[in-house]
Amino acid sequence: MRQIHYHQLVALILAIVMLLFLSIINSSRSSVVSQGEATSNVMSSATSSTRPPPTLPPPTPTNADIPSGWSAESIAILALEQNSSVLYQVNANGENLQLLAGRDINPLHPSWSQDGSRIAFLRRLPGSNSDSSTHIALWIMNADGSNARSLVDNLDSVGNPQWTPDGEWIVFWGITESGYSIYRIRPDGFDLQEVVRIDDTTGLTFAFLPSVSPDGNWFGFIGSEDDISDAPIYNYYLMDTNTNQITLLAENILNDWDCNDCPHLLSYFIQGYSWMIWSPDSQYIGLLLAFGTEQPILEIRTVDGSFRERINGERSLYPMAWSPTGEWIAVRDANSDINIIRPDGSDFRSYVVPEFNIYNSFSAPFNTPKWSPDGEWLAFITHPEDEELQRSNGSLSFLSINESTIINIPLPYLGSELPPNTIYWLP
């Protein structure tokens, strides 16, 4: 064996120590790089967490399953702004959103024909003020929004369009130099008629806000026999459309409310409420009386005046709609909750719905709940409480009166400055 000298042994030991030292240094560098990469990842994660979260798909309906038939049911939504409005249509399950009439058409108070093929609506003409009683015309369009055209633009103003059940007429109130009166016109724009005359033959000084019965044989309206400029007494009247006979139904419905600007103010205020609602069989009428008092009266009467019954008890209830089955009346109370009551005043039910509100615009409430055709659901719009979200989101909400459950179907952003605030269940 070759002999190793002392100085060679020392050199060998030093070389081994150097190799070990270099190995430790490299290992430390790798550890530092790994830690640096980990730190970088943590910082990247922290940075990304400050960014807005990604847009998520709409949540699925809550609290109940969507009935299978709703894919074919259609809802219309009116998004109303201070000086303009837009009208959409969407399936009740939230699908197939379509624009029917945009800001160029500016639709107000749409009314569908019984067969669902046409829409009568008010159009606020360009340049008119949002609260003006003039420059409002009656228009019509196909149900898909096509062929929009004017029906009546030669009156000072018009309001409250309603179809007769046979689809032959559109009834509305209008203003001329003679005052407020009630008219009708054919859907093709011909045969404009004044159906309630303001003259000595009727004794009326004005008439407006017609309410057509489901069978078309009657329509109620609000009018007076007093001077319009001197705080007149407002009454309910009923007209037989077969004989044109007019009957006084209820007197002093505003309880001596001093309203010298009426009926201009009331023309927008009242039509947001359903002051006169019809039972599906056209035999009964729900009337709101003594408005302007601490205790308004909700009363049910027969068309022949032989029966009357106050149904609100000690509650302040405002009628909104009679259910298609005739079993319920949807009413509003002082808290704007959703309520239903039997026509005989029994079985009052109240539903506190989160994020629900009855909006007010042009001094009239919107977003009043609407009955489904089968009378089992009430449809309305809900909005989140967050102020920013209120301008972009909203949900179709459906309350089951039998199960006391709610379906919320989120709507996409509609591009309007204000959220949708009126809902219609289409024929």
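The values are calculated or read from the model by the stated rules, or taken from the named source; none is laboratory data. None of the values given here were measured: they were computed from a predicted structure. Cβ placement follows ideal geometry from the backbone for every residue including glycine, while neighbour counts extend to all protein chains displayed. Side chains are part of the model used for accessible areas, which takes the heavy atoms of the whole protein and leaves out ligands, DNA and RNA. Shrake-Rupley method; radii C 1.70, N 1.55, O 1.52, S 1.80 Å.
Listed values, structure above:
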| read-out | value |
| --- | --- |
| Distance between segment 134-190 and segment 97-117 - C-alpha centres, whole angstrom | 14 Å |
| Environment charge of residue 166, counting only residues whose C-beta is closer than 11 Å and scoring Lys/Arg +1, Asp/Glu -1 | -3 |
| Net charge contributed by nearby residues that have their C-beta within less than 11 Å of residue 193 (K/R +1, D/E -1) | +1 |
| Neighbourhood charge, 15 Å Cβ-Cβ cut-off, centred on residue 147 and excluding it, Lys, Arg +1 and Asp, Glu -1 | 0 |
| Amide proton proximity set for residue 196, modelled H, under 5 Å, gap of 5+ | 182 |
| From the C-alpha gyration tensor of segment 115-241, square roots of 5λ in Å | 25, 19, 11 |
| Calculated P(r) tail over 16 Å for segment 274-353, as whole % of Cα pairs | 44 percent |
| 1.4 Å probe accessible area per residue over segment 294-354, in Å² | 46 Å² |
| 3J(HN,Hα) from dihedral phi, segment 164-169, Karplus parametrisation 6.51/-1.76/1.60, rounded to Hz, x for glycine, proline | 6, x, 7, x, 7, 9 |
| Exposure of residue 403 as accessible area (Å², to 10), given a probe of 1.4 Å and all protein chains | 130 Å² |
| Size of charge dipole - segment 105-213 - debye, nearest 20, with Cβ of Lys, Arg +1 and Asp, Glu -1, no other charges | 280 debye |
| Karplus-derived 3J(HN,Hα), 6.51/-1.76/1.60, for each residue of segment 112-117, Hz, glycine and proline x | 8, 5, 4, 8, x, 8 |
| Other-chain or far-sequence residues with amide H under 5 Å of residue 396's (modelled H) | 409, 411 |
